[in-house]
Every structure is written in structure tokens, then in C-alpha cells.
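Beneath this line is the structure, given in C-alpha cells, with notes to follow.
The values are calculated or read from the model by the stated rules, or taken from the named source; none is laboratory data. Every value quoted in this text rests on a predicted model; they were computed, and no experiment measured them. As a convention, Cβ positions derive from the backbone with ideal geometry for all residues, glycine included, and neighbour counts pool all protein chains shown. The accessibility values were calculated without ligands, DNA or RNA, using every heavy atom of the protein model including side chains. Shrake-Rupley method; radii C 1.70, N 1.55, O 1.52, S 1.80 Å.
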Amino acid sequence: MGEPLLQVNGLKKYFPITGGVFSKEIGEVKAVDDVSFTVYKGETLGIVGESGCGKSTTGRMILRLLEPTEGSIIFEGQEITRLSKSALRKMRRDMQMIFQDPFASLNPRHTVEKILEEPLIVHGIGSKQERKKRVQEMLEVVGLGRYHAKRYPHQFSGGQRQRIGIARALMTHPKLIIADEPVSALDVSIQAQVLNLLEDLQKEFGLTYIFIAHDLGVVRHISDRVGVMYLGRLVELADSDTLYQSPKHPYTKALLSAVPIPDPEHQQERQLLAGDLPSPANPPKGCAFHTRCSACMDICKTTRPEFKEVEQGHYVACHLY
Ligand code: SF4
């Protein structure tokens, strides 16, 4: 499988819930609750789940945009959860993020040139002239023109703005890119173009991706392996083909039922997702999916299933296995 680039072990993020006149802590939301996985150099790991499942919080903790409550994050063999501020800043060159809404993440008052130059200035990379040259090269790499450098974000279409977001993420030559729903805000016709661009860039620059999405259809195209999250936990993780052709967890099966499968030989029996997502502030006991699972047994209501390897490289948290 290659060399690990990133290892996440027992990662947790609990947000306090406060209430009353004195804003006392009256509970906590377990947004991410004991998540572990490895990302290998050069691969794309897709992370999928409904909104509120903890996938974006996981991405933000890896980049240390959010402090983990507990757990360890090892990047290139180095524990990064306790890095000093200056060491953290250095490490940020190697890890970048692409956001869902490129418009919200690009400063509307800055030209594209200024937006793309900024990460180089922050990290003290290159002279003014070298920075300008890199901006122009990067615009071409993402399929825009050098003449776009002097324009402002509002002068671009949604797809073009996401290309600017991608160019900005690539400016510092990162090793890992966390793409948080990078095509969800785009028209379906543009989504494929942006996904193809991401794939081309991965080959060209040897990038490793964590690709976060709420839709299994989108990540299939781009991911080598896919992890499925439900209420703050990973419930299944396998290589893409295995996960799509023989999913094990009832939640994965239900998510896949919602995705049109072009190959009739691999049609799954349809399992519809019943009921609403429970509140992460008050998740069900035992298996958190038991309130919506058609295969629920008595043990599921009391005992949380362990996330374990049931076949080589195929991990599931379910009492059926
Ligand atoms: Fe369903 Fe039980 Fe498996 Fe949870 S552990 S997914 S409730 S069968």
C-alpha cells in the first residue's frame, strides 16, 4: 500500500454545550469520537457521511484549524498535535485545504494575484518577482490564463473560482490536500471538470488527498479507498471497488442505494435510510445507527460494535460481522 503519510489515532473532538444564566457546561457534542485511519502517500482517501457526521471536523483537526480534544495525528512520522506555533506554521506549507465554497474563502477585495501570492508571503517563499512568476504558472496549471491575475473573484464563474481555490492550495507545493466538499457547490456539468483537474494535479505533483463529501457518487470517481462516517465515528473503510461492490455496513448500503449505479451486474438490493439523523448531542446508545437500521438486533441497542478488520483492508463496525 506504500508508505504512510498521515496516521490518525483515537481522534476526538467534543464541543461543550452551555446553558443557563451563567453559561454553565451542561453537556457536550461528540462531533468526532475515536476516529483512526492511515493515509498512504499518493492515494486519495474519500471520507463520506451525512452533514454533522464529523467529516469536516476531522479534516480541520488534521490541519490543526481546530484543536483535538484527544488523540494523535502523525504526519511524516512526526506527532503534530503538540507542535509549537512556529513548527506548526512550517508544517502548514505541506498541508493545505480546498474549501466547499470558493467564493466565501476568497477575499473579494483582493485580485487573484494577491490571493495566490499570500501563502508564499506567509511562508517567506521567493522574491516578489519569483512569486509573480509562480502565480502566473499556477494559473495555467489549473486551466486559467495569466491575464486572470489582475481580476477579482466576482469576475469568475463558480468553476473558475474553485480553480483559483485549488491554485491557492498548491502554491506552497504541499504534500497533503484536504478537499472539503470541493465540488458540492458547483453545477453538475462543472463537477466532472474540477474532479478531472484534481486527478491530473495529483499525478503531476504526486499529491495525497483526503476528499470529504456527503455523496458516495462523487468520491467514487476519485478515491482509492473510502471511509464512511456516522455520528462522529468511522463505520466502514475499504478500497473503493470493494466498498461499492460489496459494502458490509447497513449504513453504507443505504447510502449506496441513493447513488445510481451504471453497472447492472453490481446493483445492490435497495435499502432506504429510515428516520432522521439523531442529534450528535444525544447519540443513541450501543450502535449509534441502531435507530435507523433494518438489521438491528438486541445487542445493537446496548453494545457499541468495535471497528475492526473483517477482511484484508476492509474495516467495519457492526455486530453482523
Ligand atoms: Fe445495524 Fe446492529 Fe450493525 Fe448497528 S451493529 S449497523 S444496528 S446490525
Any residue in region 145-166 that is closer than 20 Å to ILE98 by Cβ and in contact (Cβ under 8 Å) with a residue 60 or more places away in the chain sitting within a Cβ distance under 7 Å of a residue that is surrounded by fewer than 19 Cβ atoms within 10 Å (Cβ to Cβ) and not small (Gly, Ala, Ser)? List the pairs, counting only those 6 or more apart or interchain. ILE166/LEU197
Just give me the residues in region 130-144 being touching a residue at least 12 places away in the same chain (Cβ under 8 Å) and basic (Lys, Arg), in sequence order. ARG131, LYS132, ARG134
Taking LYS285, is it more than 9 Å from the ligand (Cβ to nearest atom), modelled with pLDDT of 85 or more and part of a loop (DSSP other than H, G, I, E, B)? yes
Counted residues in region 36-55 being of a type in the set (S, T, N, Q) and modelled with pLDDT under 95 come to 1
What are the pairs with Cβ atoms under 6 angstrom where one residue, in region 279-301, is closer than 19 Å to GLU236 by Cβ and the other, located anywhere, is near the ligand (Cβ under 6 Å from one of its atoms) and open to solvent by 40 Å² or more (accessible area, probe 1.4 Å)? Sequence gap at least six, or different chains. HIS290/CYS296; ILE299/HIS319; CYS300/HIS319
Tell me yes or no: at least one residue of region 253-270 is at pLDDT 90 or above, at negative phi and out of contact with any Leu (no Cβ under 8 Å at 6 or more places or on another chain). yes
Suppose we filter GLU113, GLU70, GLU118 for residues that are open to solvent by 80 Å² or more (accessible area, probe 1.4 Å) and touching a helix residue (DSSP H, G or I) at 6+ places or on another chain (Cβ under 8 Å); which single one remains? GLU118
Tell me yes or no: at least one residue of region 206-217 is within 16 Å of the chain's Cα centre (by Cα) and more than 15 Å from VAL48 (Cβ to Cβ). yes
Quick test of your reading of the structure: GLY145 fulfils all but one of (1) modelled with pLDDT of 90 or more; (2) buried (at least 18 other Cβ atoms within 10 Å of the Cβ). Name the failing condition by number. (2)
For region 306-320, pairs from a residue that is under 12 Å from THR242 (Cβ atoms) to a residue that is basic (Lys, Arg) and not in a strand (DSSP E or B), with Cβ under 8 Å and 6 or more apart or across chains, are VAL310/LYS248; HIS314/LYS248; VAL316/LYS248
Would you mention how many residues in region 288-298 are open to solvent by less than 50 Å² (accessible area, probe 1.4 Å), assigned to a helix (DSSP H, G or I) and out of contact with any helix residue (DSSP H, G or I) (no Cβ under 7 Å at 6 or more places or on another chain)? 1
Which count do you get for residues in region 35-67 that are on the phi > 0 side of the Ramachandran plot, surrounded by fewer than 23 Cβ atoms within 10 Å (Cβ to Cβ) and in contact (Cβ under 8 Å) with a residue 60 or more places away in the chain? 2
